[in-house]
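Down below is the structure, laid out as structure tokens.
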Amino acid sequence: MKNKELMERLAAEIHDATPNQLDDILLKCKEQKGKAINMNELAVNKKPNRKKWTIGIAAAAAAFVMAVGIGVASHSYYAVDSVIDLDVNPSIELKTNKNDTVLSVEALNDDANEILDGMDLKGVDFDVAVNALVGSMLKNGYIDELKNSILVSVDNDDENKSRELESRLMESINAILSENEITPAILAQTVTSDEELQKLADEYHISIGRVSLIQRILAKDPTKSFADLAKLSVNDLYLLADSKDIDFDDLLKQGDPSKEGYIEASAAKSAAFSHAGIQAAQASNVKAELDFDDGVMVYEVEFISNRTEYDYDIDATTGAVLKADKEAMDQDDANDQDDDDDQDDDDDRDDDDDQDDDKPVTSATSLISKDKAKSAAFSHAGVSSAKNVSVILDKEDGKYDVEFIAGGYEYDYEINARTGKIIEYDRDKLEGEKKSTSSKAASSDDDDDDRDDDDDRDDDDDRDDDDDQDDDDD
Amino acid sequence: MLLHYSYEEVKVMIFLGLTSTMKNTLKPNHTPAIDEQLLFRIAEGDTGALSALYAETSSAVYGFALSILKDAHSAEDVMQDTYLKIYAAAGSYAAKGKPMAWILTIVKNLSLMKLRQNRKLPDVPLDESWDISDPKDRFAESQDKILLQAVLKALTEEERQIVTLYAVSGLKHREIASLLDLPLPTVLSKYRRALNKMRRFMGDEFNEK
């Protein structure tokens with residue numbers, strides 16, 4: 001008997017020996033399904049976007065049970081109640097059940113792997129786990145006087161429970177850090193996961209909580225890109241948000257982010273003055289704002305002196321001058337009583353240039369394509385696909401109006417038609433997705449949309465997977 | 001059958017078989033091609049899809065469980081638990097084009113769990129619990145389960161699992177190795193040795209009669 005025949009015969013024998021249990025299994029599945037539906041209904045009533053995710057997590061929890069090797073899962077124990085993100089620079093995601101017992105801990109980036117370092121926190125109380133994690137962050141130098149900011153994000157269907165967990169987290173983090181003589185800056189927020197957030201989080205290896213923080217900053221300063229901000233630690237993001245006057249009034253806050261890693265604003269100003277060759281007293285309208293440019297934290301220093309506008313980027317760590325610009329002011333702005341006629345003449349020449357810039361664009365020769373304008377807006381928004389995309393050239397103003405809908409938001413961009421730079425940016429949450437106003441009717445609509453989006457992605461995956469299989473067969 | 005071949009001859013045959021037709025040998029006709037879509041549909045609660053999946057995979061699931069547990073009743077339990085798990089956890093299946101490997105990982109985990117439970121039962125010694133000469137046992141009933149008997153009686157634990165997976169799972173060598181946490185060369189050599197043993201066992205059985 002050849003090997004092949006041997007194996008075929010064995011397969012046939014096993015096939016014959018296999019009992020038929022299908023009816024039994026289907027019956028038990030029906031019982032299981034009854035339980036699962038109850039759980040989902042709870043989620044749907046509260047937050048439409050959460051529904052799909054909840055199912056996924058319930059399933060993941062079931063898989064987790066399997067892996068750990070504990071007997072038949074009782075739904076109540078393994079059902080995920082809260083998802084908690086801790087972000088410093090390490091991004092860690094904890095899932096807990098109703099009793100606040102940790103069901104799983106996931107390192108979302110490399111730093112977080114270092115923090116977890118083989119720690120097994122499954123089954124421990126959530127306060128204990130947070131203590132261990134924050135302790136490890138201290139030990140590994142991710143939290144110190146220079147970097148004292150921690151972002152806590154809680155996703156729970158019950159908003160009161162979220163708030164309660166946030167307060168508890170803040171308290172326990174504060175206690176550990178105070179013991180170590182560090183005054184922490186803690187931001188605690190309630191987040192609601194949706195597909196767009198999850199996609200960005202997966203792509204940039206950060207938590208949903210950090211994605212949501214970055215989006216707040218982007219809403220205020222559209223010139224930044226998501227990818228750049230995703231590289232910043234929570235402390236830098238918090239500093240950035242502060243300098244842009246983004247108030248986190250709806251969040252729980254405690255302490256201020258440490259600026260000790262960076263030079264003082266006054267030092268940045270002096271660096272700029274000395275580069276410009278002027279005394280501090282000669283400058284007016286001096287502004288120094290912490291910013292993030294080309295991958296470094298900088299102070300953006302602006303001032304006016306001798307009817308010239310100065311604009312500097314000073315490295316916030318070293319005090320080095322990274323960028324220096326000066327521009328004479330428009331005639332209108334100039335002080336008529338000024339005696340520096342010579343300088344005025346020089347200024348005039350510059351002004352002409354400016355006027356050229358402002359002229360309406362009439363020829364198409366130097367314009368970027370619609371696609372480029374679209375992709376500039378997409379990449380800024382951090383989305384790869386969108387619905388209802390419209391790109392319209394505004395010849396008068398030399399800009400493209402780009403509008404689209406993605407991830408439950410309506411985006412509106414104005415893109416400079418020649419440079420591709422973003423002039424203006426606006427983002428509105430779609431009506432039906434608003435947490436506070438979600439009605440049942442609206443929520444079911446949203447769900448449909450979500451599911452469609454999902455299907456598309458699944459199809460793509462399948463194609464790739466098929467290819468893999470073919471390769472294997474060879 | 002091959003009873004009139006000498007042991008040495010059989011050895012040579014096996015060697016030739018493995019070297020010249022390994023590919024065919026290792027991919028028996030029973031290779032179930034499972035459609036991943038079934039799992040996606042199951043994730044949505046589609047019991048029809050579960051039935052279809054059951055039809056495609058039940059002998060692989062049962063066979064693998066049996067090869068670990070060596071006990072028909074325990075294997076049946078694990079089989080049932082496996083499909084319940086699949087039904088509950090299909091949503092967590094990551095589309096990687098390897099549904100069978102995923103399913104068999106579940107079987108493995110549940111079987112090992114069962115094994116631990118069985119060991120904890122003091123009045124049922126493991127040796128007796130899988131004794132297939134037990135008259136109640138369905139395999140002892142007839143001669144035509146001779147290969148299965150050979151697998152269960154003559155092979156070591158790992159050989160048993162490897163041979164069974166080759167026969168019923170349709171997994172590739174690499175996948176079997178990774179499912180069992182064994183190096184690929186080990187899987188190949190154990191497979192060869194297992195076939196050898198099975199042939200010898202069958203020879204002995206027939207000689208006895």
Practice item. May I ask you to list pairs of residues, at least six apart or on different chains, whose Cβ atoms are under 7 Å apart, with the first in the range B:101-120 being free of Cβ contacts under 8 Å to residues at least 60 places away in the same chain and the second being open to solvent by 50 Å² or more (accessible area, probe 1.4 Å) and not in a helix (DSSP H, G or I)? Key: B:N118/B:V124
**Study point:** Residue among A:L240, A:L187, A:L169 that alone is assigned to a helix (DSSP H, G or I) and either in contact with a Lys or Arg (Cβ under 8 Å, 6 or more places away or on another chain) or under 24 Å from A:T96 (Cα atoms) (or both)
**Key:** A:L169
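Restricting the search to the range B:93-109, which residues are more than 7 Å from chain A (Cβ to nearest Cβ) and either assigned to a helix (DSSP H, G or I) or not hydrophobic (A, V, I, L, M, F, W, C) (or both)? Give the steps one after another, and end with the answer.
If we filter the range B:93-109 for residues that are more than 7 Å from chain A (Cβ to nearest Cβ), which is where we start, we get B:93-94, B:98-105, B:107-108.
B:Y93, B:K98, B:P99, B:M100, B:A101, B:W102, B:I103, B:L104, B:T105, B:V107, B:K108, listed by residue number.
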Practice item. Would you be able to tell me the number of residues in the range A:300-317 that are in contact with a Leu (Cβ under 7 Å, 6 or more places away or on another chain) and open to solvent by 10 Å² or more (accessible area, probe 1.4 Å)? Key: 1
Review point. So which residues in the range B:68-92 are at the interface with chain A (Cβ under 8 Å from one of its Cβ atoms) and within 15 Å of B:R41 (Cα to Cα)?
Key: B:Y83, B:L84, B:K85, B:Y87, B:A88, B:A89, B:A90, B:G91, B:S92
Revision key, fill the gap. Picking from A:D242, A:D256, A:D247, A:D325, the residue that is without any contact (Cβ under 8 Å) to a residue 24 or more places away in the chain and within 30 Å of A:N174 (Cβ to Cβ) would be A:D247
Review point. Given the conditions (1) open to solvent by less than 60 Å² (accessible area, probe 1.4 Å); (2) in a strand (DSSP E or B), and given that A:K253 satisfies all but one, which numbered condition is not satisfied?
Key: (1)
Check your understanding: Do we have any residue at all in the range A:198-205 that's modelled with pLDDT under 85, open to solvent by 10 Å² or more (accessible area, probe 1.4 Å) and under 15 Å from the mean Cα position of the chain (by Cα)?
Key -> no
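Regarding B:A177, is this residue surrounded by fewer than 20 Cβ atoms within 10 Å (Cβ to Cβ), more than 22 Å from B:T105 (Cα to Cα) and of a type in the set (A, V, I, L, M)?
Working: surrounded by fewer than 20 Cβ atoms within 10 Å (Cβ to Cβ): yes; more than 22 Å from B:T105 (Cα to Cα): no; of a type in the set (A, V, I, L, M): yes.
Taking the combined requirement at face value, the residue does not satisfy it.
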Practice item. Report whether or not B:L184 is more than 10 Å from chain A (Cβ to nearest Cβ) and modelled with pLDDT of 90 or more. Key: no
Exercise for review: Output the number of the condition that A:T183 fails; it satisfies all remaining conditions of (1) among the hydroxyl-bearing types (S, T, Y); (2) open to solvent by 20 Å² or more (accessible area, probe 1.4 Å); (3) closer than 23 Å to A:S385 by Cβ.
Suggested key: (3)
Exercise for review: Check the range A:42-61 and report whether any residue there is modelled with pLDDT under 50, closer than 30 Å to A:I214 by Cα, facing chain B (nearest Cβ under 10 Å) and surrounded by fewer than 16 Cβ atoms within 10 Å (Cβ to Cβ).
Suggested key: yes
Review point. Restricting attention to the range A:145-157, which residues are closer than 20 Å to A:T101 by Cβ and either at pLDDT below 85 or touching a Lys or Arg at 6+ places or on another chain (Cβ under 6 Å) (or both)?
Key: A:D157
Exercise for review: Output the number of residues of the range B:50-67 satisfying the condition of being more than 8 Å from every other protein chain (Cβ to nearest Cβ), open to solvent by 10 Å² or more (accessible area, probe 1.4 Å) and farther than 30 Å from B:A154 by Cα.
Suggested key: 1
Review point. For the range A:172-184, what are the residues that are hydrophobic (A, V, I, L, M, F, W, C) and in a helix (DSSP H, G or I)?
Key: A:I173, A:A175, A:I176, A:L177
Exercise for review: Would you confirm whether any residue within the range A:214-222 is in a loop (DSSP other than H, G, I, E, B), touching a Lys or Arg at 6+ places or on another chain (Cβ under 7 Å) and at pLDDT below 85?
Suggested key: yes
Exercise for review: Filter the range A:256-297 for residues that are in a loop (DSSP other than H, G, I, E, B) and over 28 Å from A:T190 (Cβ atoms) and give the result.
Suggested key: A:E260, A:G261, A:Y262, A:I263, A:E264, A:G277, A:I278, A:Q279, A:A283, A:D294, A:G295
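The values are calculated or read from the model by the stated rules, or taken from the named source; none is laboratory data. Since the model is a prediction, treat every value here as computed from it, not as a measurement. Because the Cβ atoms are built from the backbone with ideal geometry, glycine has one as well, and the counts that use them run over all protein chains shown. When the accessible area is computed, the model is the full protein with side chains, heavy atoms only, and any ligands, DNA or RNA have been set aside. Shrake-Rupley method; radii C 1.70, N 1.55, O 1.52, S 1.80 Å.
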